[in-house]
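Right, one structure below, let's go through it.
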Amino acid sequence: MDQHHLGNGLVKVIGGHMRLMIEGLNEKERRMRLMAASIMKTSIQSLWMMWENVFDFLTKFRSESVWGYGICKLVVRQHQGKSMICQDGHWILAGDWVGELHLDNRQVLRLVRTVGADRAGLSTARMFRHAMKQISEELDNNPELVKVQVLTGITLLHRGIIHGIGFEQHPISSKWQQRFYAIYLRFLLRVMHPEGKQRIQHSAEKLSPMMLVISKQSLKERFTARKNGFQTITS
């Protein structure tokens, strides 16, 4: 073998070795970046849960009472703002007692960390429906809740929540409130969901906050008692 061929072979070996080293460094760098991103996200989630504690504390001062039903929190307060009419003809006037629905984000985050985002979404929807059954019964049977005639909530993910329960969609009339809820809820999605950032980037136009409303009577009609003792959602 002449020196020319020997030199070419040596160059190829060194080149291949260098490529492997670079690929190894790139993989190591990628893992380090993923680890750093994971630590950062976990830290932000922990800070958010601290804010949840503050929010829960402040909520007690702007409401008459707060009730827990599984994955839902029901905040009883008086309606403020413009009057609204439900599809069944029930009016919501300023001063009327309403029940604000809030998801318990601690439970949601625990599900995401335990079973992953996709399964957590399915579990949350199932737990939400179960909580709504409980709330429907409580609105009739709990003396402190019988005055609540309407349930409301504000969310970005209204398409999934509405299905099978009967919530109506109402636009948020105040522009500044609409902007506030959009920023707040999109940030919450980024914090809670592993792919929240990508989801917002790809579906920003679909992630607009909406007010969900359902009257006590409409909710009751959705969850009907059967003679055999079971309950189901009517179609």
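The values are calculated or read from the model by the stated rules, or taken from the named source; none is laboratory data. Predicted, not measured: the structure shown is a model, and the values here were computed from it. In case anyone asks, the SASA skips ligands and DNA or RNA and just uses the protein heavy atoms, side chains included. Shrake-Rupley method; radii C 1.70, N 1.55, O 1.52, S 1.80 Å.
Each residue of region 83-94 was assigned a 3J(HN,Hα) from its phi angle through the Karplus expression (A = 6.51, B = -1.76, C = 1.60, θ = phi - 60°), giving 6, 9, 10, 7, 5, 8, x, 6, 8, 10, 10, 4 Hz with x at Gly and Pro. Counting protein heavy atoms only, region 65-116 has 53 percent of its accessible area on carbon and sulfur, 1.4 angstrom probe.
Where Rh is the Kirkwood radius over the Cα pairs of region 77-162, the temperature 20 °C and the viscosity 1.002 mPa s, what D in µm²/s does Stokes-Einstein return? Answer from the Stokes-Einstein relation: 145 µm²/s.
Sorting His130, His90 by accessible area puts them as His130, His90; the probe is 1.4 Å, largest comes first, and only protein heavy atoms count. For region 48-61, 3J(HN,Hα) computed residue by residue from phi via the Karplus equation (6.51, -1.76, 1.60; θ = phi - 60°) reads 5, 5, 5, 5, 4, 4, 5, 4, 4, 5, 5, 4, 4, 8 Hz, glycine and proline entered as x.
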